[in-house]
Amino acid sequence: MLLRRRFEAVIDDLAQARRVLDDPTPVADTATGRLGEATTRAIGETGEIEAAFRGVRDESANNGLLTPAIEARLMGEIADPLAAAAAGPLSTLASACRAPAADGSADGATDSLATRADAALQALRAVLARMLELESFNEVVEKLRGVIEAQEGLRRDTLEQQRRRARELLE
């Protein structure tokens, strides 16, 4: 949950920088610089979050809690897509922010940056959606464990009552 919140902050920061591109008041260089800084931060944070999910996977494996389904969720649906987003759309966006406009037009460069920023945000939001699903899955699993524990307690209590009644009948 903490990693998800941290990742949401990364997405919010990048989205705010993206919105600056649509604002006509700032100078294009300022908007591009802000987007470039936000993208660089997003790449770093995304890498750290990816490493943290890989750490969760390793801890689960060390504790004997790693199932193929959990590994597929952690690695295939979160960690690997985070790495792909950092190496793909975020990296492309960072490079575009550093490169001067090829045709010399600020509007063309801004449109290109906006398109690339939107693609990066879409990739990050897709991973966030998977994180939310995994978090919901984990909550359901925890509730199910609680129900199973309660059922086991009820079963033990029932057996104890049956034994007590049997002893009373024998006496």
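The values are calculated or read from the model by the stated rules, or taken from the named source; none is laboratory data. Just so it is clear, the model here is predicted, and its values are computed rather than measured. With ideal geometry, Cβ positions are generated from the backbone for all residues, glycine too; neighbour counts draw on all protein chains shown.
Within segment 111-130, which residues are over 18 Å from the mean Cα position of the chain (by Cα) and not hydrophobic (A, V, I, L, M, F, W, C)?
Asp111, Ser112, Thr115, Arg116 - these are the residues of segment 111-130 that are over 18 Å from the mean Cα position of the chain (by Cα) and not hydrophobic (A, V, I, L, M, F, W, C).
Checking Val20 against (1) part of a helix (DSSP H, G or I); (2) under 20 Å from the mean Cα position of the chain (by Cα), which single condition isn't satisfied?
Looking at each condition in turn, Val20 falls short on (2).
For a quick check of your reading: which helices (runs of 4 or more DSSP H) sit entirely within segment 27-86 and have at least 2 residues that are closer than 23 Å to Leu121 by Cα?
Qualifying helices (runs of 4 or more DSSP H): 28-62, 80-85.
I need the full set of residues from segment 18-52 which are within 17 Å of Ala99 (Cβ to Cβ), in contact (Cβ under 8 Å) with a residue 12 or more places away in the chain and not β-branched (Val, Ile, Thr), in order please.
Hits for segment 18-52 are Leu21, Ala28, Ala31, Gly33, Arg34, Leu35, Gly36, Glu37, Ala38.
Return yes when Asp12 is of a type outside the set (Gly, Ala, Ser) and free of Cβ contacts under 8 Å to residues at least 24 places away in the same chain and no when it is not.
yes
Quick one: which of Arg116, Arg6, Arg18 is at pLDDT 90 or above, under 26 Å from Glu135 (Cα atoms) and charged (D, E, K, R)?
Only one candidate qualifies: Arg6.
Quick one: Arg98 ticks every box in (1) within 22 Å of the chain's Cα centre (by Cα); (2) surrounded by fewer than 20 Cβ atoms within 10 Å (Cβ to Cβ); (3) at pLDDT 85 or above bar one, so which box is it?
Only one criterion in (1) within 22 Å of the chain's Cα centre (by Cα); (2) surrounded by fewer than 20 Cβ atoms within 10 Å (Cβ to Cβ); (3) at pLDDT 85 or above is unmet by Arg98, namely (1).
Among Asp12, Asp58, which is the only one that is closer than 25 Å to Ser95 by Cβ, exposed (fewer than 13 other Cβ atoms within 10 Å of the Cβ), modelled with pLDDT of 90 or more and out of contact with any Phe, Trp or Tyr (no Cβ under 8 Å at 6 or more places or on another chain)?
Checking each option against the conditions leaves just Asp12.
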